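Trainee: Have a look at the structure that comes next, please.
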Amino acid sequence: GLDSLLCREVESLLHYKELIPRLEEALGKFSSRDSVEVIQPVRSTVPLQKHNGFLGLMPTYMENDGVLSTKLVCFYNRGAGSTLPSVSATVLLLDPESGHMKAVMDGEAITSMRTAGASEISAKLLMRPGAEVLAILGTGQQALSHYNAFTEMLSFKEVRVWNHRREGAEKFCRSVSGPVTVCGSVEEAVRGADVIVTVTRSTEPVLCGRWVKPGAHVAAVGACRPDWRELDDSLMKEAVVYADSREGAMAESGDVILSGVEVFAELGDVINGIKPAYREKTTVFKSLGMGVEDAVAANLVYEQWKAKAYKL
């Protein structure tokens with residue numbers, strides 16, 4: 001039979017300590033470009049003109065692991081004050097042999113946690129040793145998952161947050177478990193920060209290179225269209241740029257395309273030992289999110305759910 005897992009169920013089954021090692025392995029497999037490990041076409045998008053959004057289709061097949069999945073994700077450039085979500089997602093897990101659907105899962109927790117998990121891996125690999133200050137720009141769902149992943153898996157002495165609406169930042173502080181400093185400007189938030197996470201809805205640059213301390217690591221998560229940006233040219237040109245998928249970045253990242261910079265390496269190349277991690281340099285990880293991340297997350301949820309069901 002077909003199993004349907006709601007958001008709360010998915011959240012209760014997914015944990016960073018199990019998810020992150022699987023994501024790391026999946027990123028390495030993806031970058032090996034071996035078709036029996038991962039087949040993942042670049043996301044195809046359908047514009048939803050009237051609603052200022054897009055439908056993205058993200059299929060992945062992992063033959064060696066026997067995992068077949070696809071994510072359907074609608075993402076929107078919402079106006080200020082909109083109460084509608086900026087991202088809505090569903091993940092389908094199929095049986096590769098029969099083609100039957102095994103499970104339909106709410107994609108919200110999967111999307112936010114696998115994205116934060118990939119960013120955490122980028123920081124673990126690329127931030128300078130002894131990093132103490134984390135700055136998060138944006139205070140939505142992704143900001144929350146990044147806060148959770150980064151504070152659970154890494155240790156920072158100080159966490160700062162900025163949002164274009166201060167009440168958003170204050171609400172964020174109330175919803176997290178640890179101490180957070182609300183900053184009045186982006187510059188104030190990022191000055192001297194060792195790790196900066198950009199999870200904004202911005203379509204124009206909000207983070208300027210001149211504010212970023214040399215050797216800082218930036219995990220850039222927003223701006224997922226070729227004409228949207230979060231980072232300015234000076235930051236992109238000063239930094240060594242890493243991506244989850246080179247093709248994804250060249251097709252979808254305004255920060256990469258419009259600044260004209262080269263993607264130095266995929267995270268998987270660093271994981272596989274093919275390319276170096278330049279910890280002492282300023283680094284940018286441009287995250288666009290990949291089907292293989294959804295596939296391993298959904299498969300983990302399914303395994304955990306089955307194990308729990310058998311125990312009952």
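The values are calculated or read from the model by the stated rules, or taken from the named source; none is laboratory data. For clarity, every value in this text was computed on a predicted model and none was experimentally measured. Quick reminder, even Gly has a Cβ in these numbers, built from the backbone with ideal geometry, and neighbours come from all protein chains shown. Only protein heavy atoms, including side chains, enter the accessible area calculation; ligands, DNA and RNA are left aside. Shrake-Rupley method; radii C 1.70, N 1.55, O 1.52, S 1.80 Å.
Trainee: In this structure, does ALA309 turn out to be modelled with pLDDT of 95 or more, of a type in the set (Gly, Ala, Ser), over 24 Å from ALA131 (Cα atoms) and assigned to a helix (DSSP H, G or I)? Can you show your working first?
Mentor: Numbers: modelled with pLDDT of 95 or more: no; of a type in the set (Gly, Ala, Ser): yes; over 24 Å from ALA131 (Cα atoms): yes; assigned to a helix (DSSP H, G or I): yes.
Judged against the criteria, ALA309 is not a match.
Trainee: Check region 248-261 and report whether any residue there is open to solvent by less than 10 Å² (accessible area, probe 1.4 Å), among the β-branched types (Val, Ile, Thr) and assigned to a helix (DSSP H, G or I).
Mentor: Scanning region 248-261 turns up at least one residue that is open to solvent by less than 10 Å² (accessible area, probe 1.4 Å), among the β-branched types (Val, Ile, Thr) and assigned to a helix (DSSP H, G or I).
Trainee: Can PRO179 be described as farther than 28 Å from GLY56 by Cβ, open to solvent by 20 Å² or more (accessible area, probe 1.4 Å), outside any strand (DSSP E or B) and of a type outside the set (Ser, Thr, Tyr)?
Mentor: Values: farther than 28 Å from GLY56 by Cβ: yes; open to solvent by 20 Å² or more (accessible area, probe 1.4 Å): yes; outside any strand (DSSP E or B): yes; of a type outside the set (Ser, Thr, Tyr): yes.
For PRO179, the condition - farther than 28 Å from GLY56 by Cβ, open to solvent by 20 Å² or more (accessible area, probe 1.4 Å), outside any strand (DSSP E or B) and of a type outside the set (Ser, Thr, Tyr) - is met.
Trainee: Look through ALA220, ALA239, ALA216 and report the one residue that is within 15 Å of the chain's Cα centre (by Cα), of a type in the set (A, V, I, L, M, F, W, C) and surrounded by 20 or more Cβ atoms within 10 Å (Cβ to Cβ). Give the steps one after another, and end with the answer.
Mentor: On the way: ALA239 fails: within 15 Å of the chain's Cα centre (by Cα); ALA216 fails: within 15 Å of the chain's Cα centre (by Cα).
Being within 15 Å of the chain's Cα centre (by Cα), of a type in the set (A, V, I, L, M, F, W, C) and surrounded by 20 or more Cβ atoms within 10 Å (Cβ to Cβ) holds for just one of ALA220, ALA239, ALA216, which is ALA220.
Trainee: Restricting attention to region 16-39, does a residue exist that is closer than 30 Å to THR139 by Cα, modelled with pLDDT under 95 and of a type in the set (Lys, Arg)?
Mentor: No: zero hits.
Trainee: Another question, if that's okay. How many residues, within region 148-162, are within 22 Å of ALA109 (Cα to Cα), in contact with a Gly (Cβ under 8 Å, 6 or more places away or on another chain) and open to solvent by less than 30 Å² (accessible area, probe 1.4 Å)?
Mentor: The qualifying residues number 1.
Trainee: Output the residues belonging to region 177-197 that are in contact with a Ser or Thr (Cβ under 8 Å, 6 or more places away or on another chain) and not small (Gly, Ala, Ser).
Mentor: Once the filter is applied, which keeps residues that are in contact with a Ser or Thr (Cβ under 8 Å, 6 or more places away or on another chain) and not small (Gly, Ala, Ser), region 177-197 yields only VAL197.
Trainee: Let me ask something additional. Can you tell me which residue in region 119-132 is nearest to ARG191 (Cα to Cα), limited to those that are outside any helix (DSSP H, G or I) and open to solvent by 20 Å² or more (accessible area, probe 1.4 Å)?
Mentor: If we filter region 119-132 for residues that are outside any helix (DSSP H, G or I), which is where we start, we get 127-132.
Next, from what is left, pick out any that are open to solvent by 20 Å² or more (accessible area, probe 1.4 Å): 127-130, 132.
On the way: MET127: 16, ARG128: 16, PRO129: 18, GLY130: 17, GLU132: 13 Å.
Result: GLU132.
Trainee: Is region 186-193 home to any residue that is of a type outside the set (Ser, Thr, Tyr), open to solvent by 30 Å² or more (accessible area, probe 1.4 Å) and under 20 Å from ASP255 (Cβ atoms)? Full working, then the answer.
Mentor: Initial filter on region 186-193 (of a type outside the set (Ser, Thr, Tyr)): 186-193.
Next cut, open to solvent by 30 Å² or more (accessible area, probe 1.4 Å) only: 187-188, 191-192.
Restricting the remaining residues to those that are under 20 Å from ASP255 (Cβ atoms) gives 187.
Checked against the condition, which is being of a type outside the set (Ser, Thr, Tyr), open to solvent by 30 Å² or more (accessible area, probe 1.4 Å) and under 20 Å from ASP255 (Cβ atoms), region 186-193 yields at least one hit.
Trainee: The conditions are (1) under 29 Å from MET153 (Cβ atoms); (2) touching a strand residue (DSSP E or B) at 6+ places or on another chain (Cβ under 6 Å), and ASN64 fails exactly one of them. Which is it?
Mentor: (2)
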